[in-house]
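Novice: Please find one structure pasted underneath; my questions will follow.
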Amino acid sequence: MKPEAKYFSATLGGKEVTFETGRMARLAGGSVILRQGDSMMFAAATMGDLREGGDFFPLTVDYEERMYAGGKIPGSFFRREGRPSTDATLVARLTDRPLRPLFPEGMRNEVQVVLMSLSADTENPLDMLAINAASAALMISDIPFGGPVGAVRVGFVDGKLVVNPTLQEMEISTLDLRVAGTKEALLMVEAGANEVTEILMAEALQLAHESIQPIIETQLRMAAEVGKAKKVVKLAEKDANLIAQAKEAVRSRLEALLDQEYSKDNLYGGMAAIKEAYVLEQVGEEPTLEAVAAYSAAYDEAEKAIIRERILNQGKRPDNRKIYEVRDITCEVDIAPRAHGSGLFTRGETQVLTLATLGTPKEAQELDNLNGMDSKRYMHHYNFPPYSTGEVKRLGGQSRREIGHGALAERALLPVIPSEKSFPYTLRLVSEVMASNGSSSMASVCGSTLALMDCGVPISAPVSGVAMGLIKEGDKYVILTDILGTEDHLGDMDFKVAGTRNGITALQMDIKTTGITPEIMSEALDRAKSARFYILDQMLATIAEPRPSLKPHVPRIESVKVPLDKIGAIIGPGGKNIRQLQEETNTKIDIDDDGTVYIASVDGVGFEEARDRILAVTETAEIGKIYTGRCVRVTDFGAFIEILPGLDGMVHISQLSSERVEKVEDVVNVGDELTVMVTDISPEGKIRLSRQALLEGWTPEEAREHDNPNRGKSGGGQRHSSGGGDRHDSRRSDRGGDRRSSGGDRRDRRN
């Protein structure tokens, strides 16, 4: 029996999106295919067994980016998809963040959401489809879930906010805002922008929240019509009485610790000592594992509650700062002498060292994905080693968190990076987190700005960033500026904003509760603006603007434009010519399809030689221009001179000298250099040269007259006496006597 498909439609930004379920993956907990245009995203949500002994919710979101969706074969050696690309990892993170807060507190069953691209057109992006599809799959599944979630992208095109823009519209948009939320509030925000104002960002957030309501209503309708009954799962419940008892027992000790002079080691070490003492007091001399776990969990909840209460009711933060205060900042540049640029940014106990490297256009990253980009010339990588938090862990590849933080810093700086046309370099920034106690991603933005200016990259404006936090109970809330790691852990929001003095360039928000209102977001944006400007002032006190020139060991890249039909001549068969040129001039040479040739050289000398040789290869002969070339062939009637690489012309024997020439070899032999003038270029491209024109001081027109083989047929007697047009005719008729006679006449006239 053929499975019956059910279809549900909604409107998002004036465009129809359609959910399909019931036809595929029927053994999954819930599965849907979401389609917009010819873009299709598949999502399946499945729940496993209870993970015993766990103290967290084991949710996994995976995005399988299939190249067939875009009609592509993977570019790897094995020609199949391998490790997820950076874009695929970011889509998985983007989907995970709004879903995670909506599962029941204390849930310990494993849940997996698998996303897969089925079709990717060139108009409708897939990332927002992924979030909506994942939420719909959870809504109709047997998995307990407090959704639905709706997601939408908002752009700013031609002065107007655009909901659900196309890829083509996004190419000219100055805002890329991605928002996910519930019916009541926002859950996740991710944005890149070209210095937009806080007012515009707040308007876009409000519009996004309004726009996701039809998607949310459709998912509620799906759950009502085709949704499975939700399974009953065992939740790890908190013992309210035990937590209250723990709060009473440790409050005075914990508050005394919090009132001391702050350092991360003192705070964390002190809290660990208080916890250990409390647990030992409660479990007695013969503790059981269950008792230790229960009292440990109670203390953790009590500690969190006490710190939150102090912030919310008294405005007291763990490090005794005011709620709007930024930690002490120090900045340094030129840390690594051989790096092309370096910046060290320290804010409190968070410290990031960023190093910049400039390369040739050929070193841009090649991409193999479905987002329409085939390469990028600006890359930002973020590394978070275990020593940065005082821990010991195994080093491995980049985690999803590291990829996400690197992408955020990259997005923050992208709007100020100069264009390739004005600054023809590939740029790679690497942020090494040396110490972390809150918002190392925003410290990476600041350190990267310092490194770029130290390098001499002409960025359009410096960028700074700050992380904001939120403590919220009911209608009461406190927004925190420049949050610590502790405040991030126990708070309700992690809100990161980066930008210039002109506006926002990047924004990221994650909510750990059921969401916040656009009004709270707007207030947080205003507070973040003041903090960003303060941080920027500290940075500019160290280096006020980009250095006027690149450092001596940075490759100098210059560009020249060549005709498209000459690119092959520069490259040569199998790349032979360009390899030889690079080796002999100690340069790196890249050629764009539009004929732009980029030449990179550290010493500058090699550049000039490489440029001259490239121009010589691409130069075309011009009538009247004088060249010094090498003789490549000799015949009875003249010599062939290579005036440009691979391009030669013929000097007739009569044009080799002002005197009579018996043999071509009397004037020039193969391998000799000869200076000549181009006197004529035929429609077929044959080039006539003259040495005599230079000796006589003729113009190109006079030279053509004297070298005209038809001149003697129409009254050339007088011309014979003044320059020898008939001489050429006599040679064509093999009248050697006449040739000698005319040559003699010329000698008599000069004498």
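The values are calculated or read from the model by the stated rules, or taken from the named source; none is laboratory data. Please read these numbers as outputs of a predicted model, since none were measured by experiment. Virtual Cβ from ideal backbone geometry, glycine too; neighbours counted across all protein chains shown.
Novice: Assess whether residue 95 counts as being in a helix (DSSP H, G or I), of a type in the set (S, T, N, Q) and free of Cβ contacts under 8 Å to residues at least 40 places away in the same chain.
Specialist: Considered against the rule, which asks whether it is in a helix (DSSP H, G or I), of a type in the set (S, T, N, Q) and free of Cβ contacts under 8 Å to residues at least 40 places away in the same chain, residue 95 comes out as yes.
Novice: Considering only the stretch 541-569, state which residues are of a type in the set (Gly, Ala, Ser) and at pLDDT below 85.
Specialist: In the first step, residues of the stretch 541-569 are kept if they are of a type in the set (Gly, Ala, Ser); the result is 541, 544, 549, 559, 568-569.
The answer is 559, 569.
Novice: Report yes if some residue within the stretch 77-91 is in a loop (DSSP other than H, G, I, E, B) and at positive phi; otherwise report no.
Specialist: Yes, the conditions are met somewhere in the stretch 77-91.
Novice: Sticking with this structure for a sec: Inside the stretch 132-159, can you point out the residues that are surrounded by 20 or more Cβ atoms within 10 Å (Cβ to Cβ), of a type in the set (Gly, Ala, Ser) and in a loop (DSSP other than H, G, I, E, B)?
Specialist: Passing the criteria: 141, 147.
Novice: Being farther than 30 Å from residue 202 by Cβ and assigned by TED's automatic domain parsing to the domain that holds residue 12 is true for just one of 48, 150, 155, 159. Which residue is that?
Specialist: Only one candidate qualifies: 48.
Novice: Somewhere in the stretch 464-472, is a residue at pLDDT below 90 and either among the hydroxyl-bearing types (Ser, Thr, Tyr) or at negative phi (or both)?
Specialist: no
Novice: Please list, ordered by first then second residue, the pairs with beta carbon atoms under 6 Å, 6 or more apart or interchain, first in the stretch 321-344 and under 30 Å from residue 259 (Cβ atoms), second small (Gly, Ala, Ser) and assigned to a loop (DSSP other than H, G, I, E, B).
Specialist: Every condition considered, the pairs that remain are 323/315; 327/348.
Novice: Would you confirm, using the coordinates I've provided, whether residue 24 is over 33 Å from the mean Cα position of the chain (by Cα) and at pLDDT below 95?
Specialist: Criteria met by residue 24.
Novice: Could you list, in sequence order, all residues of the stretch 662-680 that are more than 13 Å from residue 627 (Cβ to Cβ) and either under 60 Å from the mean Cα position of the chain (by Cα) or surrounded by 21 or more Cβ atoms within 10 Å (Cβ to Cβ) (or both)? Walk me through it before giving the result.
Specialist: Within the stretch 662-680, the first condition is being more than 13 Å from residue 627 (Cβ to Cβ), and the residues that meet it are 662-672, 680.
Passing the criteria: 668, 669, 670, 671, 672, 680.
Novice: Step by step: first the residues of the stretch 1-15, then only those that are surrounded by 13 or more Cβ atoms within 10 Å (Cβ to Cβ) and among the small types (Gly, Ala, Ser), then the one that is nearest to residue 164 (Cα to Cα). Which residue is that?
Specialist: Per the stated criteria, the residue is 13.
Novice: Among the residues of the stretch 275-313 satisfying the criterion of being polar (S, T, N, Q) and in a helix (DSSP H, G or I), which is nearest to residue 483 (Cα to Cα)?
Specialist: Checked the stretch 275-313; the qualifying residue nearest to residue 483 (Cα to Cα) is 313.
Novice: Among the residues in the stretch 112-121, are any free of Cβ contacts under 8 Å to residues at least 40 places away in the same chain and either under 25 Å from residue 9 (Cα atoms) or over 29 Å from the mean Cα position of the chain (by Cα) (or both)? Quick ask: steps written out before the conclusion?
Specialist: Within the stretch 112-121, the first condition is being free of Cβ contacts under 8 Å to residues at least 40 places away in the same chain, and the residues that meet it are none.
Within the stretch 112-121, not a single residue is free of Cβ contacts under 8 Å to residues at least 40 places away in the same chain and either under 25 Å from residue 9 (Cα atoms) or over 29 Å from the mean Cα position of the chain (by Cα) (or both).
Novice: Still on this structure, I have one more. Take the stretch 490-519 and flag every residue that is under 16 Å from residue 469 (Cβ atoms), polar (S, T, N, Q) and assigned to a strand (DSSP E or B).
Specialist: Residue satisfying the conditions is 508 alone.
Novice: For the stretch 278-328, give me each residue that is of a type outside the set (Asp, Glu), closer than 30 Å to residue 539 by Cβ and out of contact with any helix residue (DSSP H, G or I) (no Cβ under 7 Å at 6 or more places or on another chain).
Specialist: If the condition is that a residue be of a type outside the set (Asp, Glu), closer than 30 Å to residue 539 by Cβ and out of contact with any helix residue (DSSP H, G or I) (no Cβ under 7 Å at 6 or more places or on another chain), then 311, 315, 320, 321, 322, 323, 327 are the ones that fit.
Novice: Still on this structure, I have one more. Within the bounds of the stretch 279-302, is there any residue that is assigned by TED's automatic domain parsing to the domain that holds residue 457 and over 30 Å from residue 551 (Cβ atoms)?
Specialist: No, the conditions are met nowhere in the stretch 279-302.
Novice: Now a separate question. Return the pair list, or none, for Cβ contacts closer than 8 Å from residues in the stretch 67-92 that are touching a residue at least 24 places away in the same chain (Cβ under 8 Å) to residues that are in a helix (DSSP H, G or I) and basic (Lys, Arg), at least 6 apart or on different chains.
Specialist: If the second residue must be in a helix (DSSP H, G or I) and basic (Lys, Arg), the pairs left are 89/400; 92/400.
Novice: Restricting to the stretch 210-263, and then to whatever is of a type in the set (Ser, Thr, Tyr) and over 19 Å from residue 43 (Cα atoms), can you tell me which residue is surrounded by the most Cβ atoms within 10 Å (Cβ to Cβ)?
Specialist: Applying the first criterion (of a type in the set (Ser, Thr, Tyr)) to the stretch 210-263 yields 211, 218, 252, 262-263.
The next check asks that each one be over 19 Å from residue 43 (Cα atoms); those that pass are 211, 252, 262-263.
Details: 211: 22, 252: 9, 262: 18, 263: 14.
Here the answer is 211.
Novice: Residues of the stretch 16-49 being farther than 20 Å from residue 117 by Cα and surrounded by 15 or more Cβ atoms within 10 Å (Cβ to Cβ), which ones?
Specialist: 47
Novice: Ok, one more. Filter the helices (runs of 4 or more DSSP H) completely within the stretch 189-266 down to those with at least 1 residues that are touching a strand residue (DSSP E or B) at 6+ places or on another chain (Cβ under 9 Å) and over 25 Å from residue 142 (Cβ atoms).
Specialist: In the stretch 189-266, the matching helices (runs of 4 or more DSSP H) lie at 198-211, 213-226.
Novice: Do we have any residue at all in the stretch 51-66 that's loosely packed, with under 15 Cβ neighbours inside 10 Å and closer than 23 Å to residue 122 by Cβ? Lay out the reasoning, then the answer.
Specialist: Initial filter on the stretch 51-66 (loosely packed, with under 15 Cβ neighbours inside 10 Å): 51-56, 58, 60, 64.
The next check asks that each one be closer than 23 Å to residue 122 by Cβ; those that pass are 64.
Checked against the condition, which is being loosely packed, with under 15 Cβ neighbours inside 10 Å and closer than 23 Å to residue 122 by Cβ, the stretch 51-66 yields at least one hit.
Novice: If I filter the stretch 57-95 down to residues being among the β-branched types (Val, Ile, Thr) and modelled with pLDDT of 85 or more, which single residue comes out as nearest to residue 188 (Cα to Cα)?
Specialist: Looking at residues that are among the β-branched types (Val, Ile, Thr) and modelled with pLDDT of 85 or more, I get 95.
Novice: Does the stretch 324-332 contain any residue that is closer than 30 Å to residue 554 by Cβ and among the charged types (D, E, K, R)? Before you say what the answer is, go through the steps one by one.
Specialist: Restricting attention to the stretch 324-332, the residues satisfying the condition of being closer than 30 Å to residue 554 by Cβ are 329-332.
Okay, now just the ones that are also among the charged types (D, E, K, R), so 332.
For the stretch 324-332, residues closer than 30 Å to residue 554 by Cβ and among the charged types (D, E, K, R): present.
Novice: If you don't mind, there's one more thing I want to ask. Looking at the stretch 293-320, which of its residues are within 40 Å of the chain's Cα centre (by Cα) and surrounded by 19 or more Cβ atoms within 10 Å (Cβ to Cβ)?
Specialist: Hits for the stretch 293-320 are 307, 311, 317, 318, 319.
Novice: Taking residue 625, is it closer than 22 Å to residue 364 by Cα and in contact (Cβ under 8 Å) with a residue 40 or more places away in the chain? Step through it out loud before you land on a result.
Specialist: Working: closer than 22 Å to residue 364 by Cα: no; in contact (Cβ under 8 Å) with a residue 40 or more places away in the chain: yes.
Taking the combined requirement at face value, the residue does not satisfy it.
Novice: From the list 129, 177, exactly one residue is part of a strand (DSSP E or B), touching a strand residue (DSSP E or B) at 6+ places or on another chain (Cβ under 6 Å) and either surrounded by 24 or more Cβ atoms within 10 Å (Cβ to Cβ) or not assigned by TED's automatic domain parsing to the domain that holds residue 85 (or both). Which is it?
Specialist: Numbers: 129 fails: part of a strand (DSSP E or B).
The match here is 177.
Novice: Scan the stretch 104-121 and tell me whether some residue there is assigned by TED's automatic domain parsing to the domain that holds residue 42, part of a helix (DSSP H, G or I) and not hydrophobic (A, V, I, L, M, F, W, C).
Specialist: Scanning the stretch 104-121, I find no residue that is assigned by TED's automatic domain parsing to the domain that holds residue 42, part of a helix (DSSP H, G or I) and not hydrophobic (A, V, I, L, M, F, W, C), so the answer is no.
Novice: Could you list, in sequence order, all residues of the stretch 596-617 that are over 17 Å from residue 423 (Cα atoms) and touching a Pro at 6+ places or on another chain (Cβ under 7 Å)?
Specialist: Within the stretch 596-617, 616, 617 qualify.
Novice: Just the residues that are over 18 Å from residue 620 (Cβ atoms), outside any loop (DSSP other than H, G, I, E, B) and touching a residue at least 40 places away in the same chain (Cβ under 8 Å), please, taken from the stretch 636-689.
Specialist: Of everything in the stretch 636-689, those that are over 18 Å from residue 620 (Cβ atoms), outside any loop (DSSP other than H, G, I, E, B) and touching a residue at least 40 places away in the same chain (Cβ under 8 Å) turn out to be 651, 652, 653, 654, 655, 673, 674, 675.
Novice: Among (1) modelled with pLDDT under 90; (2) in contact with a strand residue (DSSP E or B) (Cβ under 6 Å, 6 or more places away or on another chain), which single condition is residue 394 missing?
Specialist: So residue 394 meets the others, but not (2).
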